[in-house]
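Peer 1: The structure under discussion is supplied below as structure tokens; questions concerning it will follow.
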Amino acid sequence: MRRLALTALAALTLATLAQAAPAAAGDYRLGGIAVQRPWTRPAAAGMNGVGYFTLANVGAKPIKLVSIESSAARSITLHQSLMKNGVSSMRAVTGGVAVVPGAQVAFAPGGYHVMLMGLTKAQAPGGKTPVTLVFEDGRRMRIDLSVEAGPPKAAADPMAGMAGMHEH
């Protein structure tokens, strides 16, 4: 009986690890949560960095990203850039970012983004910056932001063709 329980626990652990692993180069999936093309621009140690990705809800229940953690920066916050009366501003997002089933939210220049304040080391082109996305239900998803001069090109887009997907 004990051997059966340990085997079941090992299988569950492997399944959980497999779910959080990249679905394709630069893409990640954990249950109904999908993260596509995470990236950041090069930046010097001590400076601020910015993280971008597409967060999609491919499950049946709403999801909410509430925070992001990483040892790559002194602090990390969710932000949103806004344009009002021709003036651009940026504000911290409080309360998280919710995504309903079948929808996606783009974290991209000029909109939602992740502020990496006080980088602990330089983000050099071709490198990776590890971060952990924390969701309201307690799930945690570790991803790597690819350090690139601009948005990565879409390879085979695993989100393509999903009916009802749109930016919120």
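This table checks each residue for (1) more than 22 Å from ILE33 (Cβ to Cβ); (2) modelled with pLDDT of 95 or more; (3) touching a Pro at 6+ places or on another chain (Cβ under 8 Å).
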site	(1), (2), (3)
ALA56	no, yes, no
SER70	no, yes, yes
SER75	yes, yes, no
VAL87	yes, no, no
PRO130	no, yes, no
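Peer 1: Just to verify a result, which residue in region 106-127, among those that are part of a strand (DSSP E or B) and surrounded by fewer than 20 Cβ atoms within 10 Å (Cβ to Cβ), is nearest to the chain's Cα centre (by Cα)?
Peer 2: ALA106
Peer 1: Evaluate region 41-55: report whether one residue or more is in contact (Cβ under 8 Å) with a residue 24 or more places away in the chain, exposed (fewer than 15 other Cβ atoms within 10 Å of the Cβ) and in contact with a Lys or Arg (Cβ under 7 Å, 6 or more places away or on another chain).
Peer 2: Within region 41-55, one or more residues are in contact (Cβ under 8 Å) with a residue 24 or more places away in the chain, exposed (fewer than 15 other Cβ atoms within 10 Å of the Cβ) and in contact with a Lys or Arg (Cβ under 7 Å, 6 or more places away or on another chain).
Peer 1: Can you confirm whether region 135-153 contains a residue that is of a type in the set (Gly, Ala, Ser), assigned to a strand (DSSP E or B) and at pLDDT below 95?
Peer 2: Taking region 135-153 and keeping what is of a type in the set (Gly, Ala, Ser), we get 138, 146, 149-150.
With assigned to a strand (DSSP E or B) added as a condition, the list becomes 146.
Subsequent filtering for residues that are at pLDDT below 95 retains none.
Within region 135-153, not a single residue is of a type in the set (Gly, Ala, Ser), assigned to a strand (DSSP E or B) and at pLDDT below 95.
Peer 1: Just to verify a result, which residue in region 60-80, among those that are in a loop (DSSP other than H, G, I, E, B) and touching a strand residue (DSSP E or B) at 6+ places or on another chain (Cβ under 7 Å), is farthest from LYS128 (Cα to Cα)? Before the answer, list the steps.
Peer 2: Of all residues in region 60-80, those in a loop (DSSP other than H, G, I, E, B) come to 60-62, 70-72.
Subsequent filtering for residues that are touching a strand residue (DSSP E or B) at 6+ places or on another chain (Cβ under 7 Å) retains 62, 70, 72.
Working: PRO62: 29, SER70: 12, ALA72: 10 Å.
Ranking the qualifying residues of region 60-80, first place goes to PRO62.
The values are calculated or read from the model by the stated rules, or taken from the named source; none is laboratory data. Keep in mind the model is a prediction, meaning the values are calculated, not measured. Note that we place each Cβ from the backbone using ideal geometry, even for glycine, and neighbour counts take in every protein chain shown.
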